[in-house]
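The values are calculated or read from the model by the stated rules, or taken from the named source; none is laboratory data. Source: prediction; values computed, not measured. Methodologically, a virtual Cβ is constructed for each residue, glycine included, from the backbone with ideal geometry; neighbour enumeration extends over all protein chains shown.
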Amino acid sequence: MHQILIIGSGPAGFSAAIYAARAGLKPILFASSVEPGGELMNTTEVENFPGFPDGIQGPDLMAKMQEQAEKFGTEVKYEDVSEVELLGDVKKVMVTSGQTYEAKSVIFATGSAYKKLGLPAEERLSGHGISWCATCDGFFFKEKTIAVVGGGDSAMEEATFLTRFASKVYVIHRRDTLRASKIMQQRAFDNPKIEFIFDSEVADIAGSDSVTGLTLRNLKTGETSELEVQGIFVAIGTDPRTRLVHNQLELTAEGTIAVQDQSSKTSAKGVFAAGDVIDSVYRQAIVAAGAGAKAALDAEHFLASLED
Ligand SMILES: Cc1cc2nc3c(=O)[nH]c(=O)nc-3n(C[C@H](O)[C@H](O)[C@H](O)COP(=O)(O)OP(=O)(O)OC[C@H]3O[C@@H](n4cnc5c(N)ncnc54)[C@H](O)[C@@H]3O)c2cc1C
């Protein structure tokens with residue numbers, strides 16, 4: 001039986017693996033067959049991860065994290081976990097190729113998917129004018145005209161934050177009223193750089209190398225119009241990847257895995273969680289990496305307590 005299995009290969013998973021491997025726990029990390037490396041594989045320059053004053057490409061950062069985890073003895077499996085059994089003393093992790101792994105502890109670091117608009121241009125222009133994270137990418141839009149899509153608190157927060165950089169921010173929302181809290185709405189309404197476009201959706205995104213404009217469709221009249229922008233931030237929500245643990249672990253009202261106090265301990269003994277799958281607020285690589293380290297330390301203490 002293994003000491004520890006880690007599910008997820010983003011900053012949380014690899015950081016947990018580095019700590020667990022250095023503690024001699026010989027972790028196995030399931031990296032997924034389709035998108036190993038996590039969300040940072042979808043971006044270009046990462047400028048806010050400490051230690052890289054000149055910035056680093058997202059995929060390069062993830063390759064370095066993996067190299068560091070493997071150097072200390074982490075075994076990386078490019079497998080998708082299809083099922084888990086977490087409630088007994090022996091944890092079971094089943095992968096799509098049919099194998100079952102058993103361990104005394106498990107760390108969940110499966111991340112959270114940003115909801116997408118579902119447009120063909122979205123993948124192609126991701127990191128080239130299309131972003132899901134104002135904190136990460138706002139800096140690249142100094143004096144540009146941009147659009148934020150969404151009507152909730154996070155859309156208002158992103159739009160207001162982006163006015164620090166952009167010369168103009170359009171907020172595009174499908175309805176004629178916002179879901180955001182009154183105070184967040186008011187802050188956005190009061191901001192002279194923000195203009196609202198209601199009852200509208202983004203029908204297409206133009207640009208060959210980077211975003212140059214949007215086609216908008218008015219949902220009441222059906223009419224389409226063009227809007228010239230150099231960037232678009234999609235803020236229509238996130239889906240924490242918790243499908244595997246429904247009915248086994250407690251979740252929060254936001255749909256993330258619930259952890260106890262400041263720790264990474266979930267509602268099941270010996271099961272820990274870290275990164276965006278527990279975080280509906282910060283969602284940053286450095287925060288996920290820190291949470292991964294905490295999860296490995298919590299797991300290490302748990303395994304030591306079993307020996308006692
Ligand atoms: C376009 C973009 C740009 C960003 N830029 C920045 C930035 O500049 N700076 C910054 O700090 N943050 C940035 N972020 C946010 C950052 O990427 C996330 O906060 C961070 O990656 C979260 O790490 P994580 O390890 O929790 O999850 P993730 O990075 O999402 O990794 C989770 C991994 O688990 C895998 N997984 C899920 N389910 C399974 C399963 N069943 N079996 C096997 N594997 C599974 C997934 O495939 C994925 O590889 C950006 C995000 C995006 C989308």
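Taking the range 173-198 only, how many residues are under 16 Å from residue 148 (Cβ atoms) and touching a residue at least 12 places away in the same chain (Cβ under 8 Å)?
Looking only at that region, the number is 17.
Counting only residues that are on the phi < 0 side of the Ramachandran plot and within 13 Å of the ligand (Cβ to nearest atom), how many does the range 100-112 have?
Going through the range 100-112 one residue at a time, the tally reaches 7.
Taking the range 44-78 on its own, how many of its residues are under 30 Å from residue 94 (Cα atoms), surrounded by 15 or more Cβ atoms within 10 Å (Cβ to Cβ) and near the ligand (Cβ under 10 Å from one of its atoms)?
5
As an exercise: evaluate residue 35 against (1) under 24 Å from the mean Cα position of the chain (by Cα); (2) surrounded by fewer than 23 Cβ atoms within 10 Å (Cβ to Cβ); (3) in contact (Cβ under 8 Å) with a residue 60 or more places away in the chain and give the number of the one condition it does not meet.
Checking residue 35 against (1) under 24 Å from the mean Cα position of the chain (by Cα); (2) surrounded by fewer than 23 Cβ atoms within 10 Å (Cβ to Cβ); (3) in contact (Cβ under 8 Å) with a residue 60 or more places away in the chain, the one that fails is (3).
Any chance you could count how many residues in the range 2-43 are within 8 Å of the ligand (Cβ to nearest atom) and not hydroxyl-bearing (Ser, Thr, Tyr)?
The number of residues fulfilling the criteria is 18.
Can you pull out the residues in the range 13-31 that are touching a strand residue (DSSP E or B) at 6+ places or on another chain (Cβ under 8 Å) and either touching a residue at least 60 places away in the same chain (Cβ under 8 Å) or not charged (D, E, K, R) (or both)?
Correct list: 13, 14, 16, 17, 20, 25, 27, 28, 29, 30, 31.
Could you go through the range 278-290 and let me know if any residue there is of a type in the set (Gly, Ala, Ser), buried (at least 20 other Cβ atoms within 10 Å of the Cβ), out of contact with any strand residue (DSSP E or B) (no Cβ under 8 Å at 6 or more places or on another chain) and not in a loop (DSSP other than H, G, I, E, B).
Within the range 278-290 (the criterion being of a type in the set (Gly, Ala, Ser), buried (at least 20 other Cβ atoms within 10 Å of the Cβ), out of contact with any strand residue (DSSP E or B) (no Cβ under 8 Å at 6 or more places or on another chain) and not in a loop (DSSP other than H, G, I, E, B)), the answer is yes, since at least one residue qualifies.
Within the range 234-261, count every residue that is surrounded by fewer than 21 Cβ atoms within 10 Å (Cβ to Cβ) and either among the hydrophobic types (A, V, I, L, M, F, W, C) or free of Cβ contacts under 8 Å to residues at least 12 places away in the same chain (or both).
11
(1) buried (at least 17 other Cβ atoms within 10 Å of the Cβ); (2) among the hydroxyl-bearing types (Ser, Thr, Tyr); (3) not in a strand (DSSP E or B): which one isn't true of residue 170, the others all being true?
Residue 170 satisfies all of (1) buried (at least 17 other Cβ atoms within 10 Å of the Cβ); (2) among the hydroxyl-bearing types (Ser, Thr, Tyr); (3) not in a strand (DSSP E or B) except (3).
Is there a residue in the range 263-271 that is assigned to a strand (DSSP E or B), more than 13 Å from the ligand (Cβ to nearest atom), surrounded by 23 or more Cβ atoms within 10 Å (Cβ to Cβ) and over 17 Å from the mean Cα position of the chain (by Cα)?
Yes, the range 263-271 has at least one match.
Determine, yes or no, whether residue 216 is closer than 15 Å to residue 173 by Cα, more than 16 Å from the ligand (Cβ to nearest atom), in contact (Cβ under 8 Å) with a residue 60 or more places away in the chain and crowded, with 17+ Cβ neighbours inside 10 Å.
no
Kindly check whether there is at least one residue in the range 218-239 that is more than 30 Å from residue 31 (Cβ to Cβ), part of a loop (DSSP other than H, G, I, E, B) and modelled with pLDDT under 95.
Scanning the range 218-239 turns up no residue that is more than 30 Å from residue 31 (Cβ to Cβ), part of a loop (DSSP other than H, G, I, E, B) and modelled with pLDDT under 95.
Which residues, counting only those in the range 16-56, are assigned to a strand (DSSP E or B) and either of a type in the set (Gly, Ala, Ser) or modelled with pLDDT under 95 (or both)?
45, 46 - these are the residues of the range 16-56 that are assigned to a strand (DSSP E or B) and either of a type in the set (Gly, Ala, Ser) or modelled with pLDDT under 95 (or both).
So that you can scan it fast, the table gives a plain yes or no per residue for (1) of a type in the set (Val, Ile, Thr); (2) not assigned by TED's automatic domain parsing to the domain that holds residue 196:
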| position | (1), (2) |
| --- | --- |
| 109 | no, yes |
| 127 | no, no |
| 130 | yes, no |
| 133 | no, no |
| 137 | no, no |
| 140 | no, no |
| 144 | no, no |
| 147 | no, no |
| 152 | no, no |
